[in-house]
Amino acid sequence: MRGTIRLKTGDITKEPACAIVNAANSSLMGGGGVDGAIHRAGGPKILEETKKIRETRYPDGLPTGEAIATTAGNLPAKYVIHTVGPIYRLCDGSCPDLLAAAYRNSLRVAYDLGCRDIVFPAISTGIYGYPKEEAARIAKSTVEAFIQKHPMDVTFIFHNPQDMALFQKATEENH
Ligand code: ADP
């Protein structure tokens, strides 16, 4: 058993998974896009925890590519894994490695918490401007490599059917 990969459309804040991933920014203080939606729906508990993490482990913010966990407040998930994807116009040659690290470290944090299912948004492809096709190929190959050794059921969730179709097409062309 090597786990599964599945695609769906919807709102990540409604997913009753063990872990959902937040495309956060390094401040961990909330923001727009998925980040804003998670904090709005999850309530103040999540921010309380990320503030503590800033005070203790990451006073300068969470570095790009790293991931940390909080509980999920009022969300139906058990944990929120906060990761920081690269800002495309700033990452140059390191963009692919940083995006892969955001996926891989999120998977590892969730796995180590005992989660065997996880839901990802399309990290960095919104406000952070990562080209969607390229990001899709990195996301899929990084997840595939991880679940070979650590079986998990992984869902990629998209806000709209166009983004899902684009991911599907980009990752099929890869094979
Ligand atoms: P980043 O800052 O890493 O680019 P964003 O939150 O701006 O992250 O966007 C990442 C992706 O998540 C975008 O493709 C966006 O359409 C999608 N998205 C935004 N809100 C939600 C949500 N509630 N559920 C699922 N996906 C979402």
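The values are calculated or read from the model by the stated rules, or taken from the named source; none is laboratory data. Please read all numbers here as calculations on a predicted model, not as lab measurements. Note: ideal-geometry Cβ built from the backbone for every residue, glycine included; neighbour counts use all protein chains shown. Note: areas computed on protein heavy atoms with side chains; ligands, DNA, RNA excluded. Shrake-Rupley method; radii C 1.70, N 1.55, O 1.52, S 1.80 Å.
With the charge dipole of the stretch 30-175 set up from +1 on Lys and Arg Cβ and -1 on Asp and Glu Cβ about the Cα centre, the Cα lying farthest toward the positive end among the listed residues 70, 120, 34 is that of 70.
Contact order normalised by length for the stretch 1-75, with contacts defined as Cα pairs under 8 Å and 6 or more residues apart; what percent is it? Here the relative contact order equals 32 percent. Net charge dipole, the stretch 4-172: roughly 260 debye, given to the nearest 20, about the Cα centre with Cβ charges of +1 for Lys and Arg and -1 for Asp and Glu. Counting only residues at least eight positions apart within a chain, or on another chain, the lysines with an alpha carbon under 19 Å from that of residue 52 are 78.
Does a label point 7 Å from the Cα of residue 47, set along Cα-to-beta-carbon, have any residues of the stretch 19-35 with amide nitrogen under 13 Å, and which are they? Once the point is set 7 Å along Cα→Cβ of residue 47, 28-32 turn out to lie under 13 Å by backbone N, inside the stretch 19-35. Over the stretch 4-172, Cα pairs under 8 Å with separation of 6+ residues give a relative contact order of 30 percent. Here the chain is treated as a Stokes sphere of Kirkwood radius computed over C-alpha pairs; at 37 °C and 0.692 mPa s its diffusion coefficient rounds to 207 µm²/s. Rounded to the nearest 10 degrees, the inclination of helix 44-56 to the longest alpha-carbon principal axis of the chain is 80 degrees. Anyone know which of 93, 32, 42 comes out most mobile in the 10 Å Cα GNM of the chain? Greatest mean-square fluctuation among the candidates belongs to 93. For the chain, the fraction of 1.4 Å probe accessible surface lying on carbon and sulfur atoms is 51 percent.
Helix 161-172 and the longest principal axis of the Cα set of the chain meet at an angle near 60°.
Considering only 37, 67, 102, the Gaussian network model of the chain with Cα springs below 10 Å gives its largest mean-square fluctuation to 37. Among the listed pairs 8/149; 45/169; 14/132, those whose Cα-Cα separation exceeds 32 Å are 45/169. Between the helical axis of 33-42 and the dominant principal axis of the chain, each derived from Cα atoms, what acute angle in degrees is found, rounded to the nearest 10? The angle comes out at about 50 degrees.
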